Amino acid sequence: MGTSFNEKFDQHGTWRREFALRLKLLAEWMKDHELLDSAVEERLRRLETRVRTDKVMVAFVAEFSRGKSELINAIFFAGYGRRIMPASAGRTTMCPTEMGYDADVPPCLRLLPIETRMQPQSLMEWRMVPEKWTRIDLDVNDPKQLSVALEKVAETRRVTQDEARALGFWQREAPEDNPMVDAQGLVEVPKWRHALINIAHPLLKQGLVILDTPGLNAIGAEPELTVSLIPQAHAVVFILGADTGVTKSDLSIWREHLINDADDTNSRLVVLNKIDTLWDALSSPAQIQQQIERQRASTAEILGIPKHQVIPVSAQKGLVAKVTDDPELLELSCLPALEDALSQGIMGERQKLLAAAVASGISDLRAETGRVINIRRRDLTEQMMELKGLQGKNIAVIKNMRSRISQEQAEFDLGGAKIHAVRSVHLKLLREVFSLLGPTALKKEMAELTKVLHQKGLKLGVKRAYGQTFDRLRESLRQVQSISGEIQSMLAATFRQLNAEHGFSLQAPTEPSMTGYLHDLDLVERSHLQYLGIGNAFRLAQPEFSDRLVRALSTRLRVIHETALGDIELWSKSAAAQLDAQLRERRRNFGRRLEAIDRIQQAAGGLEDRIGEIQAQANALHQVDSKLLELTDYLVTAAEPVRPRAVPASELV
Ligand SMILES: Nc1nc2c(ncn2[C@@H]2O[C@H](COP(=O)(O)OP(=O)(O)OP(=O)(O)O)[C@@H](O)[C@H]2O)c(=O)[nH]1
Ligand SMILES: [Mg+2]
């Protein structure tokens, strides 16, 4: 009961496993029928990995004490029968806390000490060295131990003002945001910079990643959190309190973190939490309802969104209701409505996206494989005609035929030089692409930006410095697009020529589009400018801060560049593999024709036998063709997810 989010996620998991299984079986079948070249194999493997390991990150963002952690407890962890994430009055969660599942790591909590902020590595780089984190093993069968261990994310330390400044928690320019100074002149700062929780919770096992954040307007928030983790989350839940209404700091968090991607409204949920504070014994249920509706309307108006997008709930009562199995209270808490919205929004979108990626990958693959099958079919038809032409002919004619085939073969082998020349031009152009998107170019660009940001009195020039950097990055992507276009036309021309000369059916695959990556760059730029625009610009005067920001930026850009390069690599690999496949088929064909003639010369009945064999091969090929259609049909047409169903292996092989 009340587990609609969990159920939906389960369905999504089943669907993904089924898709992954079908892709795997398709690859095996193709291999058995010698239809799998290395590019196709890699493409299938990538699709399969993507479907199997797809992660969905849901981030909870709000001012402190709005109930983020309590909501996470209520939605995901009620099954443990108690509060798992620490949730209490005042500031509780002190560091960003990510919950997920990695089968290769035992259940544990890993904590990155706050002092690492003084070192140059970005958070992403720290993730690569798990041994540097403080590790606490977790016992998932002992909810008490689990919740005690997780209290670590609320730990703080007292440091001097100088230390606090070095760690990014103290600003002279914005004293009102600074933490309180105690009698000894010390200030309280978080003990940890980031926490990673690895547990085999059923939802996390299926690829859900939950990100709990500390109250975000807290001074010194990790730039990587605000410019990287939150913008990349697939869904962000923004929480307000019905007891406080929309405060000024709520509004600035909303503006800073939640409205930078206008085309992505589906993945933003606004929650009006703590509606139980409006339940009061002297008002009738209708009056209470009216009051909630009024709050919803005014919240929606202030945030500038439609009223139905504001979902009223009581996280606390929802958690209690689930733990004590009280359906009436659960209904009152409105938690199920929020879970519904969450699952419809994210899981639905996610599944559509994955299915579309698989469908387009598989239909390309089907077209390519179809071409190989066609070549085989044509070769068989030609052989058949050749052999039928020999029926009733004498030895001399047969000998003559053999030498003609040998000569054809020699001519074909000579054509190899031209192919070699095209390949070397192709490689040269690819090298240009690699240097445009490679790590050296990016490093240089980032060094340039750091230099500009370090200049004194920059404040107003920040926008321009970012703008110029991003302009150059966009220009590189455009150049990559034009070089790929050049490669594509060269391949197309060569393929046309080869098709005409040798009867091939080569078709140069379309070059990957950089439009999506340009869009990604725009988003990254927007999230940075927005972050800096909202009162954070003065922090840039501190070199440690601007360095951290640039490092966070460069990690994100590297991912974009690497993904774009991956697309280009796979694309050129598949063009080359197509050519290889047809050359190989042709060489094999020469071999078979010569062998057939030799056999005919040796035995009188050889010719008829051979004709029979070729007929059998043609029939088998026909079956391969229809099996390929059958195996790929589901993957191409299932872009609209269907109700998952178990697939017997016999149906697939
Ligand atoms: N009455 C009521 N209290 C709630 C509700 N949800 C959370 N609280 C209480 O509000 C306080 C803060 O909740 P948390 O979950 O710690 O809030 P948070 O947003 O995670 O806060 P930080 O970790 O400090 O950023 C706790 O005492 C919760 O018990 C609710 O629906 N109703
Ligand atoms: Mg919290």
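With each run of n ≥ 4 DSSP H residues scored as -39500 (n - 2.57), what mean residue ellipticity at 222 nm is computed for the chain after dividing by its residue count and rounding to the nearest 500 deg cm²/dmol?
Only helices count here, giving -20000 deg cm²/dmol.
Skipping prolines and chain starts, which residues have an amide H placed within reach, meaning under 5 Å, of the one on residue 241, given they are 5 or more residues away or on another chain?
For residue 241, the qualifying residues are 273.
Measuring from centroid to centroid over Cα atoms, what is the spacing of the range 397-457 and the range 122-162 in Å?
48 Å
Distance between Cα centroids, the range 198-252 to the range 2-39: provide it in whole Å.
Cα centroid to Cα centroid, the span is 31 Å.
Residue 332: net charge of surrounding residues, Cβ under 11 Å, Lys/Arg +1, Asp/Glu -1, itself excluded?
-3
Taking the Cα centre as origin and putting +1 on Lys and Arg beta-carbons and -1 on Asp and Glu beta-carbons, what dipole magnitude results for the range 79-165, to the nearest 20 debye?
Charge dipole of the range 79-165: 380 debye, to the nearest 20.
Return the whole-Å distance between the Cα centroid of the range 362-379 and the Cα centroid of the range 494-572.
Going from one Cα centre to the other spans 32 Å.
Obtain the nm distance between the two label points defined at residue 547 and residue 24 by a simple spin-label model: each point lies 7 Å from its Cα along the Cα-to-C-beta direction.
Placing both labels 7 Å along Cα→Cβ, they lie 4.6 nm apart.
Would you please classify the overall shape of the chain from the alpha carbon gyration tensor, given that a ≥ b ≥ c denote the square roots of the eigenvalues, rounded means a/c under 1.5, and beyond that prolate means a/b larger than b/c while oblate covers the rest?
Prolate shape, in that a/c is at least 1.5 and a/b is the bigger ratio.
Going by how many other beta carbons lie within 10 Å of each one, how would you line up 276, 471, fewest first?
Final ranking by Cβ density, sparse to dense: 471, 276.
Could I have the simple spin-label model distance between residue 471 and residue 46, label points 7 Å from Cα toward Cβ, reported in nm to one decimal?
Calculated label separation equals 3.3 nm.
Loop only by DSSP, 16 or fewer other Cβ within 10 Å of the Cβ. Give me the trypsin sites (Lys or Arg not before Pro) in the range 414-476 that pass, ordered by residue number.
Here the sparse-neighbourhood loop sites are 456.
With axes computed from alpha carbons, what is the tilt in degrees of helix 515-533 against the longest principal axis of the chain, rounded to the nearest 10 within 0 to 90?
Helix 515-533 sits at roughly 10 degrees to that axis.
Explain nothing, just the number: dipole magnitude of the chain about its Cα centre with +1 on each Lys and Arg Cβ and -1 on each Asp and Glu Cβ, in debye rounded to the nearest 20.
I would put it at about 1500 debye.
Near residue 388, which aspartates and glutamates are there with a Cα under 19 Å away, not counting those fewer than 8 places off in the same chain?
Reachable aspartates and glutamates: 379, 595, 598, 608, 609, 613.
Arranged from highest to lowest average of other beta-carbon atoms within 10 Å per residue, in what order do the peptides 488-501, 514-527, 65-78 appear?
Ranking, from highest mean packing down: 65-78, 514-527, 488-501.
What ranking do 131, 608 get, fewest neighbouring Cβ atoms within 10 angstrom at the top?
Going from sparsest to densest Cβ surroundings: 131, 608.
Students often get this wrong, so check it: of 307/352; 55/191; 68/307; 24/627; 31/55; 274/322, which have C-alpha atoms separated by over 18 Å?
Pairs exceeding 18 Å: 307/352; 55/191; 68/307; 31/55.
By how many nm would the segment from residue 155 to residue 410 lengthen if fully extended, with 0.36 nm per residue of separation less the alpha-carbon distance?
Net length gain for the segment: 84.1 nm.
Starting from the Cα gyration tensor of the range 1-61, take the square roots of the eigenvalues, sort them a ≥ b ≥ c, and report rounded, prolate or oblate (rounded when a/c is under 1.5, otherwise prolate if a/b is larger than b/c, else oblate).
Note, shape of the range 1-61 comes out oblate.
Does the range 96-173 come out rounded, prolate or oblate, given a ≥ b ≥ c as the square roots of the eigenvalues of its C-alpha gyration tensor, rounded meaning a/c under 1.5 and, failing that, prolate meaning a/b above b/c?
It comes out oblate by the Cα gyration axes.
Just to check I understand the Karplus step: with θ = phi - 60° and J = 6.51 cos²θ - 1.76 cosθ + 1.60, what whole-Hz values come out for the range 553-563, glycine and proline as x?
Calculated HN-Hα couplings, in order: 4, 5, 4, 5, 5, 4, 4, 4, 4, 5, 5 Hz.
In nm, what is the difference between 0.36 nm times the number of residues separating residue 599 and residue 34 and their Cα-Cα distance?
Length difference between fully extended and current span is 200.9 nm.
A short reminder: the numbers here are calculations on the coordinates, not readings from a lab. All values derive from a computational prediction rather than experimental measurement. Glycine gets a Cβ as well: all are built from the backbone with ideal geometry, and neighbour counts include every protein chain shown.
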